[in-house]
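The numbers here are math on the coordinates, done by the rules we state, and not lab data. Computed from a predicted structure; not experimentally measured. Don't worry about glycine lacking a Cβ; one is built from the backbone with ideal geometry, like all the others, and counts go over all protein chains shown.
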Amino acid sequence: MSLAMCEQHKQKTRRITLSTVASKAGVSLSTASLVLSGKARQRRISEDVHERVEQAARDLDYIPNMLVHSMQSGSTGVISFFNGYRSRSVNDLYMDQLSTAIERAAGVKGYDILVHCDFNRTIEQIYRSLNGGRSDGLLFFAPSSNDELLDMLRHSRLPTVLLGSKDQTGTLSSVTDSMKQGLTLIANKLIERRHSRVLMLGQSSAHNDDSINRIQALSSILREAGIASEPQDTFFVNELDLPDFVVKLQSMLTEPNPPTAIFCWHDLLGYRLLDLCDQYGIDVPNQIAIAGYDGLHWPSRSSHLLTSAHFDLDVMASSSIEILIKTIRHEITSPSQLEIPSTLLQGTTL
């Protein structure tokens with residue numbers, strides 16, 4: 001690259017300052033600032049000067065430094081989103097719908113969303129990034145109860161709302177689905193259909209608070225109705241383990257007291273199980289009924305619609321944005337815990 005081209009490249013990449021605009025327009029720095037901040041007419045600056053400054057700004061492609069503006073105004077107009085799972089799978093229907101709902105809800109309120117995607121940093125680095133002034137507040141999605149970030153955020157001044165998880169100390173606001181209500185609806189349907197032995201299918205991973213909590217809650221509800229859930233009837237699997245589970249299920253269906261239903265801690269697992277039941281010749285729901293949680297119809301080869309506890313992700317997103325903005329504006333001074341109502345998505349699997 002020639003020296004002339006290098007200089008031209010530098011000119012294009014160098015940030016234009018307000019001082020440059022003022023110089024081109026032939027006015028003082030303060031006059032240029034008043035014009036570009038919309039205060040020219042209040043200060044009786046002439047139309048000629050007003051037009052010269054605006055034309056200079058257009059010619060130079062001048063954009064005000066948002067960092068400086070946010071420091072002056074005390075607001076960035078940005079909300080951070082951090083995923084407590086610290087991962088994002090390809091074709092993740094749940095996260096795709098949730099993130100879309102959050103973007104819409106924030107946009108209606110005049111906010112942008114900053115999604116944090118680098119999960120390879122230390123806890124201290126992540127915390128500094130979240131609390132470093134780039135956003136006005138934080139939506140923290142589904143942190144586990146022992147997430148180290150939680151304690152840091154409890155002691156910080158960063159407005160924070162947990163989404164999909166509750167703060168066990170009650171320090172941080174949260175928006176969750178009404179898990180007990182949703183599982184009660186599933187339990188009632190199982191009882192109505194006279195299922196007496198229900199298998200529980202959870203997640204075999206370090207981050208599985210939801211998996212454990214849902215299984216324990218449903219087991220408790222069924223136990224109160226006289227349907228005991230034995231420890232050996234709870235399985236923790238991942239997708240790779242699922243075929244082995246289905247082979248075991250085939251054997252269990254021949255026992256004198258076979259299971260008649262399976263609860264999957266979320267719908268993705270339920271639809272993967274449906275695919276395998278079709279593959280292995282297990283008749284759903286006549287041999288085994290299946291229920292899930294979340295109310296999402298994941299892509300599947302099965303013709304079935306999974307019976308599931310459903311809650312509205314749009315309502316969850318808009319509610320969490322509303323609470324966070326009110327916290328940012330000091331309209332809420334104490335933690336708020338909100339539960340989104342659940343309904344039963346009646347499918348063909350129960």
| request: Could you please report the charge total around residue 93, scoring K, R as +1 and D, E as -1 over all other residues with beta-carbon less than 13 angstrom from its beta-carbon? | output: -2
| said: Using 0.36 nm times the number of residues separating residue 88 and residue 59, minus their current alpha carbon distance, what extension gain do you get? | reply: 6.2 nm
| query | What length, rounded to one decimal in nm, is gained on full extension from residue 144 through to residue 224, with 0.36 nm per residue of separation minus their alpha-carbon distance? | reply | 26.0 nm
| request: Please compute the net charge surrounding residue 56, taking Lys and Arg as +1 and Asp and Glu as -1 over other residues with Cβ under 14 Å from its Cβ. | output: -2
| said: For Cα pairs less than 8 Å apart in space and 6+ apart in sequence, what is the mean separation divided by the residue count of segment 179-311, i.e. the relative contact order in percent? | reply: 26
| said: So if I place +1 on the C-beta of Lys and Arg and -1 on the C-beta of Asp and Glu, and nothing else carries charge, what would the dipole magnitude of the chain be about its Cα centre? I want it in debye, nearest 20. | reply: 1400
| note | Placing each pseudo-label 7 Å from Cα in the direction of the beta carbon, residue 301 and residue 346 end up separated by a distance in nanometres of 3.1
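Quick one: putting +1 on the C-beta of Lys and Arg, -1 on the C-beta of Asp and Glu, what dipole do you get for segment 179-311 around its Cα centre, in Debye to the nearest 20? Before the final figure, lay out each step's value.
On the way: 10 positive and 15 negative charges, 73 e Å.
Its charge dipole is roughly 360 debye.
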| note | Charge tally for neighbours of residue 242 with beta carbon under 12 Å away, counting Lys, Arg as +1 and Asp, Glu as -1, is -2
| message | What is the angle, in °, between the Cα long axis of helix 93-108 and the longest principal axis of the Cα atoms in the chain? Nearest 10 is fine, range 0 to 90. | response | 40
| query | Past the 30 Å Cα-Cα mark, which pairs from 39/109; 166/326; 109/189; 24/109? | reply | 109/189; 24/109
| said: Output the 0 to 90 degree angle, nearest 10, between the alpha-carbon long axis of helix 267-280 and the longest principal axis computed from the alpha carbons of the chain. | reply: 40
| remark: Projecting the Cα atoms of 131, 149, 17 onto the charge dipole of the chain, where Lys and Arg contribute +1 and Asp and Glu -1 at Cβ, the residue farthest towards the positive end is 17
| Peptides 124-133, 86-95, 172-181: what's the order by average Cβ count within 10 Å, highest mean first? | 172-181, 124-133, 86-95
| field | Residue order, fewest to most surrounding Cβ atoms within 10 angstrom, among 333, 160 | value | 333, 160
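Relative contact order of the chain, please, whole-number percent, based on alpha carbon pairs below 8 angstrom and at least 6 residues apart.
Values: 527 pairs, mean separation 57.3, N = 350.
Value for the chain: 16 percent.
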| request: Consider a paramagnetic label point 7 Å from the Cα of residue 154 along Cα→Cβ; state which residues of segment 160-183 have an amide N under 18 Å from it. | output: 160-175
| query | Which entry is the computed Cα extents along the principal axes in Å for this structure: (1) 76, 68, 52; (2) 61, 46, 39; (3) 94, 53, 36? | reply | (3)
| Positive-end residue, the chain charge dipole about Cα centroid, Cβ charges, pick of 332, 318, 55 | 55
| Convex hull volume of segment 71-121 per residue (C-alpha atoms, cubic angstrom) | 89
